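In what follows, a single structure is set out as structure tokens and then discussed.
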There are 2 protein chains.
Amino acid sequence: MEFLDVIHKRHSIRQFDSKEIDVKKLESLLQIISSAPSAGDLQSYELVLVKDQSHREALAHAALGQEFIHTAPVVLVFCANADRAKQKYGHRGEILYSVQDATIAATYAQLAAVELGLATTWVGAFDEEYVRDIVGELKPICIMPIGYPAEKPEPTPRRPIKDITHYEHL
Amino acid sequence: MEFLDVIHKRHSIRQFDSKEIDVKKLESLLQIISSAPSAGDLQSYELVLVKDQSHREALAHAALGQEFIHTAPVVLVFCANADRAKQKYGHRGEILYSVQDATIAATYAQLAAVELGLATTWVGAFDEEYVRDIVGELKPICIMPIGYPAEKPEPTPRRPIKDITHYEHL
């Protein structure tokens, strides 16, 4: 698909078809995610693929009852690997680079999903402790249900570009 | 350009041609950046475009003497707008969502640059206070020189996908 089409077709999707994602497609997804840049090429993040229905339901619960999450066949949980970044970059790696590495990887995942005919929503509102109970002891920074879309979303509003952009100074 | 070509052609570039980036191209860049997703569509980030040579040199200095930064015709500084996210999302917005919004926008900027025939490097190592002295009082999370590439980079190594990916649990 053309890059600009991917950019324009990426929307939050909260209704998913029950169709499974086949292994080949998941492999392509992971390949694209893996090409995301990271501080010092360390890729200081870990990605948990959650397929088990009871785990998906638990994640929906941990995300303050956003029930649509467990209707996707796969839920990705991106976690910052703070220790990995800390070893090379100290405190800044721990608190910033690992969160950024995981965030960049999740950004790639959303675009890769569109390329592969899939759709996602980025879920940021969740109880971190509860998510850790489900997937393990690293800092989760994004829950991302992924599957075939079963709705046509509307584009969401944007700030005017002139409000976001500043020349030389804020 | 095809999405996968953009993904594969994105590399860190530290040698730039002296050619300026024309206004139309910068507008296209900003348009793509602006389509990046954000928490609650708030776009809790600000983007500073730095063209002035003395400011570019100051940014290189603030980035611990990474002199290649000021050789790019434009240096983008992505800043988290913590107050903007805090108003809707409280502490989590302030410390996480605003950093993520700015990080996602910077990720889009790198890919958009490739689409437009430009190149970038993501610079994360810098003195935050010093950067604030140059561009203003928000939290800078990425310095990104952008211009026409004057080198052909090698692909960088990646962790094996099976090491990054976990099924159900970390």
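Taking the range A:1-28 as the region of interest, how many residues are of a type in the set (D, E, K, R), more than 7 Å from every other protein chain (Cβ to nearest Cβ) and farther than 25 Å from A:Ala80 by Cα?
7
Taking the criterion of being of a type in the set (D, E, K, R), closer than 23 Å to B:Met1 by Cβ, free of Cβ contacts under 8 Å to residues at least 60 places away in the same chain and out of contact with any strand residue (DSSP E or B) (no Cβ under 8 Å at 6 or more places or on another chain), would at least one residue in the range B:146-153 satisfy it?
So the first thing to find is which residues in the range B:146-153 are of a type in the set (D, E, K, R), and the list is B:151-152.
Narrowing further to those that are closer than 23 Å to B:Met1 by Cβ: B:151-152.
Filter once more, so that each one left must be free of Cβ contacts under 8 Å to residues at least 60 places away in the same chain: B:152.
Filter once more, so that each one left must be out of contact with any strand residue (DSSP E or B) (no Cβ under 8 Å at 6 or more places or on another chain): B:152.
So far as the range B:146-153 goes, yes, one or more of its residues are of a type in the set (D, E, K, R), closer than 23 Å to B:Met1 by Cβ, free of Cβ contacts under 8 Å to residues at least 60 places away in the same chain and out of contact with any strand residue (DSSP E or B) (no Cβ under 8 Å at 6 or more places or on another chain).
Could you say whether any residue in the range B:115-131 is touching a strand residue (DSSP E or B) at 6+ places or on another chain (Cβ under 8 Å), assigned to a loop (DSSP other than H, G, I, E, B), more than 19 Å from A:Tyr89 (Cα to Cα) and among the small types (Gly, Ala, Ser)?
To start, the set of residues in the range B:115-131 that are touching a strand residue (DSSP E or B) at 6+ places or on another chain (Cβ under 8 Å) comprises B:118-124, B:126, B:128, B:131.
Subsequent filtering for residues that are assigned to a loop (DSSP other than H, G, I, E, B) retains B:118, B:121-122, B:124, B:126.
Retained after the next criterion (residues that are more than 19 Å from A:Tyr89 (Cα to Cα)): B:118.
If we keep only those that are among the small types (Gly, Ala, Ser) too, we end up with none.
Taking every residue of the range B:115-131 in turn, none turns out to be touching a strand residue (DSSP E or B) at 6+ places or on another chain (Cβ under 8 Å), assigned to a loop (DSSP other than H, G, I, E, B), more than 19 Å from A:Tyr89 (Cα to Cα) and among the small types (Gly, Ala, Ser).
I need the full set of residues from the range B:29-61 which are hydrophobic (A, V, I, L, M, F, W, C) and more than 9 Å from chain A (Cβ to nearest Cβ), in order please.
Going through the range B:29-61, the residues hydrophobic (A, V, I, L, M, F, W, C) turn out to be B:29-30, B:32-33, B:36, B:39, B:42, B:47-50, B:58-60.
Correct list: B:Leu29, B:Ala58, B:Leu59, B:Ala60.
The rows are residues; the columns are (1) assigned to a helix (DSSP H, G or I); (2) among the small types (Gly, Ala, Ser); (3) in contact (Cβ under 8 Å) with a residue 24 or more places away in the chain.
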{"residue": "B:Leu4", "(1), (2), (3)": "yes, no, no"}
{"residue": "B:Lys19", "(1), (2), (3)": "no, no, yes"}
{"residue": "B:Ala36", "(1), (2), (3)": "no, yes, yes"}
{"residue": "B:Leu76", "(1), (2), (3)": "no, no, yes"}
{"residue": "B:Lys86", "(1), (2), (3)": "yes, no, no"}
{"residue": "B:Leu96", "(1), (2), (3)": "yes, no, no"}
{"residue": "B:Gln100", "(1), (2), (3)": "yes, no, yes"}
{"residue": "B:Leu111", "(1), (2), (3)": "yes, no, yes"}
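Can you name the residue in the range B:1-54 that is more than 26 Å from B:Glu67 (Cα to Cα) and charged (D, E, K, R) and, of all such residues, is nearest to the chain's Cα centre (by Cα)?
The residue in question is B:Glu27.
Somewhere in the range B:139-149, is a residue within 17 Å of the chain's Cα centre (by Cα), away from every other protein chain (no Cβ under 12 Å) and hydroxyl-bearing (Ser, Thr, Tyr)? Step through it out loud before you land on a result.
Step one: list which residues in the range B:139-149 are within 17 Å of the chain's Cα centre (by Cα), which gives B:139-149.
Next cut, away from every other protein chain (no Cβ under 12 Å) only: B:143, B:145-149.
Imposing the further condition that a residue be hydroxyl-bearing (Ser, Thr, Tyr) reduces the set to B:148.
Yes, the range B:139-149 contains a residue that is within 17 Å of the chain's Cα centre (by Cα), away from every other protein chain (no Cβ under 12 Å) and hydroxyl-bearing (Ser, Thr, Tyr).
Over 11 Å from the mean Cα position of the chain (by Cα), within 11 Å of another protein chain (Cβ to nearest Cβ), free of Cβ contacts under 8 Å to residues at least 40 places away in the same chain and surrounded by fewer than 24 Cβ atoms within 10 Å (Cβ to Cβ): does that describe A:Leu116? Break it down into steps so the answer makes sense when it comes.
Working: over 11 Å from the mean Cα position of the chain (by Cα): yes; within 11 Å of another protein chain (Cβ to nearest Cβ): yes; free of Cβ contacts under 8 Å to residues at least 40 places away in the same chain: no; surrounded by fewer than 24 Cβ atoms within 10 Å (Cβ to Cβ): yes.
No; evaluated as a whole, the condition is false for this residue.
Quick check on my filter: what residues within the range A:97-110 are surrounded by fewer than 23 Cβ atoms within 10 Å (Cβ to Cβ) and within 7 Å of chain B (Cβ to nearest Cβ)?
Residues of the range A:97-110 that are surrounded by fewer than 23 Cβ atoms within 10 Å (Cβ to Cβ), as a first pass: A:108.
Answer for the range A:97-110, where residues must be surrounded by fewer than 23 Cβ atoms within 10 Å (Cβ to Cβ) and within 7 Å of chain B (Cβ to nearest Cβ): there is none.
Quick check on this structure: which one of A:Leu29, A:Leu4, A:Leu49, A:Leu42 is of a type in the set (A, V, I, L, M), under 18 Å from A:Tyr148 (Cβ atoms) and surrounded by fewer than 21 Cβ atoms within 10 Å (Cβ to Cβ)? Quick ask: steps written out before the conclusion?
Working: A:Leu29 fails: surrounded by fewer than 21 Cβ atoms within 10 Å (Cβ to Cβ); A:Leu4 fails: under 18 Å from A:Tyr148 (Cβ atoms); A:Leu42 fails: under 18 Å from A:Tyr148 (Cβ atoms).
So the residue among A:Leu29, A:Leu4, A:Leu49, A:Leu42 that is of a type in the set (A, V, I, L, M), under 18 Å from A:Tyr148 (Cβ atoms) and surrounded by fewer than 21 Cβ atoms within 10 Å (Cβ to Cβ) is A:Leu49.
What number goes with the only condition from (1) surrounded by fewer than 18 Cβ atoms within 10 Å (Cβ to Cβ); (2) part of a helix (DSSP H, G or I); (3) in contact (Cβ under 8 Å) with a residue 24 or more places away in the chain; (4) not basic (Lys, Arg) that A:Glu57 does not pass?
If we test A:Glu57 against (1) surrounded by fewer than 18 Cβ atoms within 10 Å (Cβ to Cβ); (2) part of a helix (DSSP H, G or I); (3) in contact (Cβ under 8 Å) with a residue 24 or more places away in the chain; (4) not basic (Lys, Arg), just (3) comes out false.
A short reminder: the numbers here are calculations on the coordinates, not readings from a lab. These numbers were taken from a predicted model, which means no experiment stands behind them. Cβ: placed from backbone, ideal geometry, glycine included. Neighbour counts: every protein chain shown.
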